[in-house]
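A.B. asks: The structure follows.
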Amino acid sequence: MPLVTSKELFQKAYKGGYAIGAFNVNNMEIIQGIFEAAIEEKSPLIIQVSSGARKYARHEYLIHLIQASMEMAEASGVSIPVVLHLDHGDDFDICKKCIDGGFSSVMIDASKHPLQENIRITREVVEYAHSKGVTVEAELGKLAGVEDEVNVSAKDATYTDPQEAKEFVDKSGCDSLAIAIGTSHGAYKFKGEPKLAFDRLQQIQDLLPNFPLVLHGASSVPQDLTDICNKYGGAIPGSRGVPEEMIAQAAKTGVCKINVDTDLRIALTGQIRKAFFENPAEFDPRKYLGPARDAIREVVKRKMRIMGCSGKA
Ligand code: G3H
Ligand code: 13P
Ligand code: ZN
């Protein structure tokens, strides 16, 4: 099965009240673990590549690894729709490179610019992408950092404004929109009790019915995974993510794409630390990258069940 765009997948997800997991990839083991999970769960898949991942692994290597995984999936008799997506494209240039290089979806993240400039930059990417049959995710609002949580007015200024979201979508022509409702990237998302602005999500939904929304910074940072890291020499105490029940709730409320990177990193690092700790004389990379790949598979399966995309391939 060739790559698909996000359009059709999101329509089905929206109607079905589930979200599709979007997983960041940086190397072969991560890609294999994610595909193994998608095959087992019979789930559609969004594989996303950041500009950092493109630099680290080189664009061409990642594309070929993903193509090989799609062939393996096909050979296993499970037909999985796969979107190859650029995560956080900074400007028109990187989006164009990815569109020309075979991606089926790109994100233009011009959210650091004022509204009208964000619209202008996004519109430019949309025009080029659509002329090539590629879908576009954009972003409006700023993902909170832990330090932003201290006062309510700072939160208000960074969360996506529903009226602006409507204007943004109408004028930019983007196919999906990443919104800020209290999530943030990384392992330290909340200082106190985790809280997301579901009221704001609903207001955005009301103004943009049937329009697919995207949640970035949505790792749950599960304690069982951080415990493994910390037990074997890691130091990520006090980390906290988005509780799994909030992920499930968002998936039922018009959020069609949920981004996960941090949980994959923690799962992978925990197994490598464990292998190093338990067997210091071992130096065969397969002995620690193999368990790391298995851990990626398991964490992705868990996510797919929570988001509701298992069985939806
Ligand atoms: O949004 C950020 C993703 O976790 C990708 O991170 O830019 O370090 O590859 P990265
Ligand atoms: P996490 O850091 O919560 O995994 O978010 C990843 C992300 O949003 C990638 O764009
Ligand atoms: Zn992100």
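Please treat every number below as a calculation from the coordinates, not as lab data. Predicted model, so just to flag it, every value in this text is computed and none were measured. All Cβ positions, even for glycine, are placed from backbone atoms using ideal geometry, and neighbour counts span all protein chains on display.
A.B. asks: Exceeding 24 Å between C-alpha atoms, which entries from my cross-link table qualify? They are LYS7/LYS189; LYS166/LYS312; LYS55/LYS112; LYS15/LYS166; LYS12/LYS301. Before the final figure, lay out each step's value.
C.D. replies: Details: LYS7/LYS189 30 Å; LYS166/LYS312 29 Å; LYS55/LYS112 22 Å; LYS15/LYS166 20 Å; LYS12/LYS301 20 Å.
Check vs 24 Å cut-off fails for LYS7/LYS189; LYS166/LYS312.
A.B. asks: Suppose every K and R has +1 on its Cβ and every D and E has -1 on its Cβ; what is the size of the dipole of segment 204-313 about the Cα centre, in Debye to the nearest 20? Provide the component values of the computation, followed by the final result.
C.D. replies: Numbers: 16 positive and 12 negative charges, 51 e Å.
For segment 204-313, the charge dipole is close to 240 debye.
A.B. asks: Averaging the inverse of every distinct alpha carbon separation and then flipping it gives the Kirkwood radius. What is it for segment 9-106, in angstrom units? The partial results should precede the final answer.
C.D. replies: Values: mean 1/r = 0.0722 Å⁻¹.
The answer is 13.9 Å.
A.B. asks: Can you work out the PRE-style zone for LYS287? Point 7 Å along Cα to Cβ, and I want the residues of segment 246-270 with backbone N under 20 Å.
C.D. replies: Backbone N within reach: 268-270.
A.B. asks: Quick check on the exposure proxy: order TYR159, TYR128 from fewest to most C-beta atoms within 10 angstrom.
C.D. replies: Details: TYR159 22, TYR128 16.
So the residues, fewest neighbours to most, are TYR128, TYR159.
A.B. asks: Now, a different point. Strictly over 29 Å apart at the Cα level, which of LYS97/LYS191; LYS96/LYS287; LYS142/LYS171 would you flag in this model? Before the final figure, lay out the partial values.
C.D. replies: Working: LYS97/LYS191 39 Å; LYS96/LYS287 39 Å; LYS142/LYS171 20 Å.
The answer is LYS97/LYS191; LYS96/LYS287.
A.B. asks: Evaluate the distance, in nm, between pseudo-label points positioned 7 Å from the Cα of PHE198 and of PHE92 along their respective Cα→Cβ axes.
C.D. replies: Simple spin-label model gives 4.2 nm for this pair.
A.B. asks: Could you list log10 I(q)/I(0) for the chain at q = 0.08, 0.14 Å⁻¹, which the Debye formula gives when each Cα is one point scatterer?
C.D. replies: -0.34, -1.07
A.B. asks: Taking 0.36 nm per intervening residue step and subtracting the Cα-Cα distance, what contour gain separates ALA68 from GLU8 on full extension? Could the numbers behind the result be given before it?
C.D. replies: Details: separation 60, 0.36 × 60 = 21.60 nm, distance 2.33 nm.
Length difference between fully extended and current span is 19.3 nm.
A.B. asks: Using only Cα atoms, figure out Rg for segment 74-119 and give it as a multiple of 2.2 N^0.38 Å.
C.D. replies: Working: Rg = 14.6 Å, N = 46, 2.2 N^0.38 = 9.4 Å.
Rounded to two decimals, the normalised Rg is 1.55.
A.B. asks: Per DSSP helix of 4 or more residues, -39500 (n - 2.57); summed, then divided by the residues of the chain. What does that give at 222 nm, rounded to the nearest 500?
C.D. replies: Details: 12 runs with 153 residues, N = 313.
After summing the helix terms and dividing by the residues of the chain, the value is -15500 deg cm²/dmol.
A.B. asks: Moving on to the next point. How would MET1, MET304, MET28 line up from fewest to most surrounding beta-carbon atoms within 10 angstrom? Show your work: numbers first, answer last.
C.D. replies: Numbers: MET1 13, MET304 27, MET28 16.
Final ranking by Cβ density, sparse to dense: MET1, MET28, MET304.
A.B. asks: Mind jotting down the three principal axis lengths of segment 187-313 based on Cα atoms? Whole angstrom, largest first.
C.D. replies: Cα spread of segment 187-313 along its principal axes, largest to smallest: 60, 37, 16 Å.
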